[in-house]
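Engineer: The structure's right below; bear with me while I get my questions together.
The values are calculated or read from the model by the stated rules, or taken from the named source; none is laboratory data. Everything quoted here is computed from the prediction, not taken from an experiment. Cβ: placed from backbone, ideal geometry, glycine included. Neighbour counts: every protein chain shown. We work out accessible area using only protein heavy atoms, side chains counted, and drop any ligands, DNA or RNA first. Shrake-Rupley method; radii C 1.70, N 1.55, O 1.52, S 1.80 Å.
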Amino acid sequence: MAPAIGAPAATAATAAPRLPLVLMLALMVASGFAGLGYQIVWTQQGALWLGHESAAVLAVVTAFFGGLSLGALALGRRIEASARPARWYAVCEAVIAAWSVVLALAMAPASEWLLAFTGAQPGAARQWGLAFFGTLLLLLPATAAMGATLPAMARVATGLAWRHGGIAALYAANTFGAMAGVLACAFWLVPTLGLTGTAALSALLNAGCAVVAWRLPGSPPAVTPIAAAGGPGAQRLLPLLAATGLLGIGYEVLVVRVLSQVTEETVYTFAMLLAVYLVGTAAGAALYERSRANTMNAETVRHRLLLALAIACLLCTAGLWGAEALRDMALQASGPGMAGALASEATLALAAFALPTVLMGALFSHLATEARQAGIGFSRALGVNTLAAALAPLLFGVLVLPAVGAKLALLAVPLGYLLLAQRAWFARGAVGAVTVALALLAPPLAFIDVPEGGRLISYTEGAMAAVSVVEDAEGVSRLRIDNRQQEGSSATLLADARQALLPLLLHPAPSKALFLGLGTGMTSVSAAQDPTLQVDVAELLPEVIAASAHFTRALDGGTPNPRLRLLAADARRYVRASDARYDLIVSDNFHPARSGSGSLYTVEHFRAVQARLAPGGLFCQWLPLHQLDLPTLRSIVRAFTTVYPGGAAMLATNSLETPVIGLLARADGAPLALPSVASLNQRLATHRLPQRLGDYGIHDAYALLGGFFAGPRALSAWAAGAPLNTDDHPVVAYMAPRITYAPDSLPRDRLLALLPQLSVAPAEIVDAGPEHTARLAAYWRARNAFIAAGRNVRPAADVRAMLAQVREPLLAALRVSPDFRPAYEPLLGMAVALGRSHPAAARELLGQLARLQPAWDDAAQALQALPAAP
């Protein structure tokens, strides 16, 4: 793989046997394809121990550029002086292939060692230091060899009568292969072959390149080694090469972070952005190569390119404020569907990257030309440029952006290019003035959807994401990550609390619980109200931990709970690196299409969770059906049942708009075998939670068990044959975005399609006995009827209009199961409201409720409160 650069071709002093042009181009296409294939594979593998895909992207980009730099600097001079550069190229390709095979075998144990060395909850300096340098060392043999391939092929070209367009054509072919590799990996190879299969195909391409290059007949004549750089021109050009490499990759890192608030931030988003960046830079190098025979002064060209690049970066940065409008226009033009959504993301990438990257490619080509004339070899120019580029992710992504924000960080890039230019003082001054004006007067470069009448509570830009809290006109607050991903709201206390209370109450006596993911904090804080329970929460983003205090204040009054420990740690890494054991582990309903979330639904992760469970412990994995299609859900369920064959499925609530499914299992993977209904009622009666469980719909054992809808046999049969989601074959990351980009159904439709396909027998879950078995089965039938009846209900302010829609369906559910309070309570509330204006109708409805369920006195008391009949 070659970085985004170009270089001039030299002319051979004598004729030499030629490598056919088509063969040279084919080698570079294959090498570029393989190189970007590795980058995609290693990024996703690195995310498993680095803790987040954005962290992995930064670390792997650093490792790639660092390795390319070291390879070019260490081997370049020897290659440039060699009479057999094709042999060097062949050896480099063979080394890449061999090390990729080594990594295929050693990546898992190496990442385990790095994970253990990093620890479950490392400090920021330790985490990022190991992320960058650990990844660099792990990939170094392959990336260093990659760094020497372009100098080797460039040296081969010096023996050919191939002027002007030689290196540009080679680089264009290499970059075309790289772009094809990015897109093929995202849309075909990884979903089909998995990570190891994709790396194996890339290794075969490298090995093929090595064989072809090694067997090439003849060789170009030797070239006299380039004299060591030491003149004033060289002393000036090396810092320029470094600075432009740093600014170019810094611009890429910052733009990707800003656009993450506008795009869907899936694996396809990353592929689109990277592909556009590669094509733009290659086009710039090729355009420069075609036009470089002009007679313009080299220094003048350099300053004009620097100024043009400053203007381009400034214009494209200013255009980012309109990214949402551009996205909407592109979506409208491209039409609905996944193709249209991807086209809109490609449009954003072109708007942000096209012009700057073309100029970056041209600028490097020109600097490389000047460097050669000043006695600096091409490999040294390449090495210095990529070495500085390797520092950009750490400097801009981890240090500068969180410190000053995206706006100032991005505006520093055109300002940096202006400082490097030394002519056109008036133009530089004008561009500098605009840059400073934007820095002082423009709003933050942040995208926050604030509803009409609402307000922004908080906004924080971190190293991995931007986190905001927004309140609407009704006072409902919402927590969002990168603006696109909602993590909960103050209006979902009941649902969030139930996600803690249900698994908590199903365990006979938990003393220590782990929650993976914090969100608003409502779930874990609800559990921590139990005075006998110690609760740990692993949350990747420190900014989410800070923002959660706004929501949890309603429960804890802002007073720290000594039994609640918030850990700034990645959930995946924590369960693998920690040695703690927990009676209960509850995993948040992570959006499966977002960056890195798919790895929290793999077989390997579920096994890691199993290792953290104490004997008799319970694991509950919540899944957002409103963000999942059924094929993706099947893959997750198959991964879950592979580890926990006795697992069952339950609903968090009966919501049709935001249905959430829980997969519940014992630590040993056996069927749940919950204690008797009587024991569960005793557990509910003796709990030490301060909450009134009835407020959360948990009145008795039937309500506690009432969410179950699938037993072990039904779950396993339903998921059989689905693609298995594993670390090596991350199918969820590639399947889940389909419904994000182009929803083909409503959440209620998916829920209503799912329930009839699954079933559960009381004996699969609980020791119920004959009486309770019948009542529990009836409860589940009533629940399914209740949910189905809600499909076509439309909210109405008038109680009579509402009753006309729901009265008979709810009464029918109660006739099936008088224990089913979700049908009883709405009718009770509407009857009380109706009593103010139509007491006779209210009396008739309350009488029906009292007859259907005489054990509950709510209807009888409401009847007594009504005025006497005339």
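Engineer: Only Lys, Arg, Asp and Glu count, each charged at its Cβ (+1, +1, -1, -1), so figure out the dipole size of segment 313-430 about its Cα centre, rounded to 20 debye.
Structural biologist: On the way: 6 positive and 4 negative charges, 84 e Å.
The dipole magnitude comes to about 400 debye.
Engineer: For helix 323-334, what angle does its Cα long axis make with the longest principal axis of the chain, in degrees from 0 to 90 and rounded to 10?
Structural biologist: Tilt of helix 323-334: around 80 degrees.
Engineer: In debye to the nearest 20, how big a dipole does segment 616-711 give about its Cα centre with +1 on each Lys and Arg Cβ and -1 on each Asp and Glu Cβ?
Structural biologist: With Lys and Arg at +1 and Asp and Glu at -1, about 220 debye.
Engineer: Which residues in segment 811-840 place their backbone N less than 16 Å from a point set 7 Å from the Cα of Ala865 along the Cα-to-Cβ direction?
Structural biologist: So the set is 825-840.
Engineer: Please compute the modelled spin-label separation between Arg581 and Met329, points set 7 Å along Cα→Cβ, answer in nm with one decimal.
Structural biologist: It works out to 6.2 nm between the two label points.
Engineer: At a 10 angstrom cut-off on C-beta neighbours, averaged per residue, how do the peptides 789-799, 667-677 rank from highest to lowest?
Structural biologist: Details: 789-799: 11.9, 667-677: 17.2.
Highest mean packing first, the order is 667-677, 789-799.
Engineer: Sticking with this structure for a sec: With a ≥ b ≥ c the root eigenvalues of the C-alpha gyration tensor of segment 655-800, is it rounded (a/c under 1.5), prolate (a/b larger than b/c) or oblate? List each step's numbers first, then the result.
Structural biologist: Values: a/c = 1.83, a/b = 1.20, b/c = 1.53.
Oblate.
Engineer: Calculate, for Leu395 and Arg692, the FRET efficiency according to 1/(1 + (r/R0)^6) with r their C-beta to C-beta distance and R0 41 Å; round to the nearest 0.05.
Structural biologist: Details: r = 53 Å, r/R0 = 1.30.
According to the calculation, E is roughly 0.15.
Engineer: Next up: Give me the net charge for the shell around Leu564: Cβ to Cβ below 14 angstrom, other residues only, Lys and Arg +1, Asp and Glu -1.
Structural biologist: Details: positive: Lys512, Arg553, Arg563, Arg565; negative: Asp530, Asp536, Glu539, Asp556.
Residues near Leu564 contribute 0 overall.
Engineer: Which whole-number value in Å³ per residue fits the convex hull of the alpha carbons of segment 552-669? Mind dumping the intermediate values first?
Structural biologist: On the way: hull volume 15.6 nm³, N = 118.
Convex hull volume per residue, Cα atoms: 132 Å³.
Engineer: Still on this structure, please answer the following. Would you tally the net charge around Leu331, using a Cβ to Cβ cut-off of less than 13 Å, leaving Leu331 out, and scoring K and R as +1, D and E as -1? Write down the numbers at each step before the final one.
Structural biologist: Numbers: positive: Arg327; negative: Glu264, Glu324, Asp328, Glu345.
Value of the local net charge: -3.
Engineer: At q = 0.18, 0.19 Å⁻¹, work out log10 I(q)/I(0) for segment 252-378 with the Debye formula, treating every Cα as an identical point scatterer and leaving solvent out; two decimals please.
Structural biologist: Values returned for q = 0.18, 0.19 Å⁻¹ are -0.92, -0.99.
Engineer: Could you work out [θ]222 nm for the chain from helices alone, using -39500 (n - 2.57) per DSSP H run of at least four and dividing by all its residues? Round to the nearest 500 deg cm²/dmol. Please list the in-between numbers first.
Structural biologist: Values: 31 runs with 529 residues, N = 870.
Mean residue ellipticity, 222 nm, calculated: -20500 deg cm²/dmol.
Engineer: I'd like the orientation of helix 124-157 relative to the chain: the angle between its Cα long axis and the longest Cα principal axis, in ° from 0 to 90, rounded to 10.
Structural biologist: Helix 124-157 and the main axis of the chain meet at about 40 degrees.
Engineer: From the protein chains alone at 1.4 Å, what is the descending order of accessible area for Lys512, Lys407, largest first?
Structural biologist: Largest to smallest exposure gives the sequence Lys512, Lys407.
Engineer: Ranked highest first by average number of other Cβ atoms within 10 Å, how do 478-486, 21-29 line up? Mind showing how you got there, number by number?
Structural biologist: Details: 478-486: 21.7, 21-29: 18.8.
For the peptides 478-486, 21-29, the packing ranking is 478-486, 21-29.
Engineer: For Ala491 and Leu315, what is the calculated FRET efficiency with R₀ set at 56 Å and r taken between the beta-carbons, to the nearest 0.05?
Structural biologist: Details: r = 42 Å, r/R0 = 0.74.
The pair Ala491/Leu315 has a calculated efficiency of 0.85.
Engineer: For the chain, with only Lys/Arg (+1) and Asp/Glu (-1) charged at the beta-carbon, what is the dipole magnitude about the Cα centre, in debye rounded to 20?
Structural biologist: On the way: 59 positive and 51 negative charges, 377 e Å.
Approximately 1820 debye in magnitude.
Engineer: Then there is this: Which angle between 0 and 90 degrees, to the nearest 10, do you get for helix 190-214 versus the longest principal axis of the chain when only C-alpha atoms count?
Structural biologist: So the helix axis and the longest Cα principal axis differ by about 10 degrees.
Engineer: Rounded, prolate or oblate: which fits segment 473-596, taking a ≥ b ≥ c as square roots of the Cα gyration tensor eigenvalues, rounded meaning a/c under 1.5, else prolate when a/b beats b/c?
Structural biologist: Numbers: a/c = 1.64, a/b = 1.20, b/c = 1.37.
The shape class here is oblate.
Engineer: Quote the FRET efficiency, to the nearest 0.05, computed for Glu299 versus Ala403 with a Förster distance R0 of 45 Å and r equal to the Cβ-Cβ distance. Working shown, then result.
Structural biologist: Details: r = 35 Å, r/R0 = 0.78.
Result of the calculation: an efficiency of 0.80.
Engineer: Order of 775-785, 751-761 by packing, highest average Cβ count within 10 Å first? Write out the running numbers ahead of the final one.
Structural biologist: Working: 775-785: 20.5, 751-761: 16.8.
The packing order, highest mean first, is 775-785, 751-761.
Engineer: Please give the Cα centre distance for segment 586-635 versus segment 379-423, rounded to the nearest Å.
Structural biologist: Computed from Cα coordinates, the inter-centre distance equals 38 Å.
Engineer: Taking the Cα-to-Cβ direction at Arg815 and at Arg455 and moving 7 Å from each Cα, how far apart do the two end points lie in nm?
Structural biologist: 5.3 nm
Engineer: Related question: Taking a ≥ b ≥ c as the square roots of the Cα gyration tensor eigenvalues, with a/c under 1.5 meaning rounded and otherwise prolate when a/b beats b/c, else oblate, which class fits segment 659-713?
Structural biologist: Details: a/c = 2.05, a/b = 1.49, b/c = 1.38.
Here segment 659-713 falls in the prolate category.
Engineer: Could you check the simple spin-label distance between Leu724 and Leu440, using points 7 Å along Cα→Cβ, in nm with one decimal?
Structural biologist: Simple spin-label model gives 6.4 nm for this pair.
Engineer: Starting from 0.36 nm per residue, how many nanometres of slack lie between Ala833 and Ala685 once their C-alpha separation is accounted for? Write out the running numbers ahead of the final one.
Structural biologist: Details: separation 148, 0.36 × 148 = 53.28 nm, distance 3.13 nm.
Using 0.36 nm per residue and subtracting the Cα-Cα distance, I get 50.2 nm.
Engineer: Once Lys and Arg get +1 and Asp and Glu get -1 on their Cβ, which of Ala116, Asn297, Leu630 lies farthest toward the positive end of the dipole of the chain?
Structural biologist: The listed residue farthest towards the positive side: Asn297.
Engineer: Rg/Rh for the chain to two decimals, with Rh computed the Kirkwood way over all alpha-carbon pairs. Each step should come with its number before you reach the end.
Structural biologist: Details: Rg = 31.3 Å, Rh = 29.7 Å.
Here Rg/Rh amounts to 1.06.
Engineer: Taking Cα centroids, how far is segment 74-145 from segment 297-326 in Å?
Structural biologist: That distance is 34 Å.
Engineer: In segment 327-353, whose amide N lies under 15 Å from the spot 7 Å out along Cα-to-Cβ of Ala742? List them in ranges.
Structural biologist: Of the residues in segment 327-353, 331-346 have backbone N under 15 Å from the label point off Ala742.
Engineer: Something else: Count the net charge of all other residues whose Cβ sits under 14 Å from the Cβ of Leu689, scoring Lys and Arg as +1 and Asp and Glu as -1. Please report the intermediate quantities before stating the final value.
Structural biologist: On the way: positive: Arg498, Arg563, Arg683, Arg688, Arg692; negative: Asp530, Asp556, Asp695.
That works out to +2.
Engineer: Give me the one-decimal Kirkwood hydrodynamic radius in Å for segment 717-870, with the sum taken over alpha-carbon pairs. Walk me through the numbers on the way to the answer.
Structural biologist: Values: mean 1/r = 0.0535 Å⁻¹.
Taking the inverse mean of 1/r over all distinct Cα pairs, segment 717-870 comes out at 18.7 Å.
Engineer: Taking Cα centroids, how far is segment 509-524 from segment 345-366 in Å?
Structural biologist: Measuring centre to centre over Cα atoms gives 45 Å.
Engineer: Further question: Taking 0.36 nm per residue of separation and subtracting the Cα-Cα distance, what length does fully extending Trp214 through Ala717 add?
Structural biologist: Details: separation 503, 0.36 × 503 = 181.08 nm, distance 5.34 nm.
Contour length minus Cα-Cα distance gives 175.7 nm.
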